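If you scroll down you'll find the structure; I have some questions about it.
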Amino acid sequence: MAGNDSSRRQQVSPAVYRRRRLIVVIGAVVVLVVIIAIIVGVVRGSGKSSAASSETPSASGASSPSSSSAEPSPSTPATPTCDQSKVTVAASTDAQNYASDQNPVLTLTVTNGGSVACDVNVGTSQMDFEILSGADRIFSSKDCQSATADLAKSIPPGGSEKANFPWQRNRTTEGCQAVAAKPGAGVYTLTVSLGKLTSPKAVFTLDPAKP
């Protein structure tokens, strides 16, 4: 019986051996692939965790500027009020001569003659446009002014601000009493004031009506 068993074992064909070896090789390859996959997964996992830990400082660093920017910035110093000795006021009109159907536009120009920017109150509470004909007071913008307001304007060194006033060729009196007479043809002078500052006179002419 023992001899028969040994003879049966010796009768296994070469093809069977090749299949068995192939199965062993395939099994070894599968095991190797699994081991490599496990190693790669471990390496990737450690890489991600290290990347996350390295990103944490940059994230906290990015929040620093936002917190610093949220802090109140130092307040800008207020613009000083102009030294009156360095401020000048000038009067002008948009033309030298006006036809009988034209209304003059009166202009007040305030100039900062100082070396730094400063504030000037250019509100209607400070302005006056006054027109004379010789010694006769013809018009003042303050006579019939219903409301006034303050308006602080920052003027750069050497800079100017202008205010225009269209004159309707009407006469006024203090207290805004009605005046029927209308200014006739002739030479007139304009003087403008801003607070305590007064301009030199500007001369203009109202021409007579054409026949």
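The values are calculated or read from the model by the stated rules, or taken from the named source; none is laboratory data. None of the values given here were measured: they were computed from a predicted structure. Cβ coordinates were reconstructed from backbone atoms using ideal geometry, including for glycine residues, and neighbour counts include every protein chain displayed.
Any residue that is surrounded by fewer than 15 Cβ atoms within 10 Å (Cβ to Cβ), in contact with a strand residue (DSSP E or B) (Cβ under 8 Å, 6 or more places away or on another chain) and not in a strand (DSSP E or B) - is there at least one of those in the range 139-150?
Among the residues of the range 139-150, at least one is surrounded by fewer than 15 Cβ atoms within 10 Å (Cβ to Cβ), in contact with a strand residue (DSSP E or B) (Cβ under 8 Å, 6 or more places away or on another chain) and not in a strand (DSSP E or B), which makes the answer yes.
Against the definition (surrounded by fewer than 12 Cβ atoms within 10 Å (Cβ to Cβ) and at pLDDT 95 or above), how does SER85 come out, yes or no? Write out each step before concluding.
Values: surrounded by fewer than 12 Cβ atoms within 10 Å (Cβ to Cβ): yes; at pLDDT 95 or above: yes.
Yes; evaluated as a whole, the condition is true for this residue.
OK, next. Could you check, for the range 168-186, whether at least one of its residues is of a type in the set (A, V, I, L, M), in a strand (DSSP E or B) and within 27 Å of ALA99 (Cα to Cα)?
There is no residue in the range 168-186 that is of a type in the set (A, V, I, L, M), in a strand (DSSP E or B) and within 27 Å of ALA99 (Cα to Cα).
Also, I was wondering about something else. Any chance you could count how many residues in the range 98-130 are in a loop (DSSP other than H, G, I, E, B) and β-branched (Val, Ile, Thr)?
Residues in the range 98-130 being in a loop (DSSP other than H, G, I, E, B) and β-branched (Val, Ile, Thr): 3 in total.
I'd like the full set of residues that are at positive phi and in contact with a helix residue (DSSP H, G or I) (Cβ under 9 Å, 6 or more places away or on another chain), limited to the range 159-211.
Result: GLY195, single match.
Does the range 168-179 contain any residue that is free of Cβ contacts under 8 Å to residues at least 12 places away in the same chain and either of a type in the set (Phe, Trp, Tyr) or surrounded by fewer than 11 Cβ atoms within 10 Å (Cβ to Cβ) (or both)?
The answer is yes, given that some residue of the range 168-179 is free of Cβ contacts under 8 Å to residues at least 12 places away in the same chain and either of a type in the set (Phe, Trp, Tyr) or surrounded by fewer than 11 Cβ atoms within 10 Å (Cβ to Cβ) (or both).
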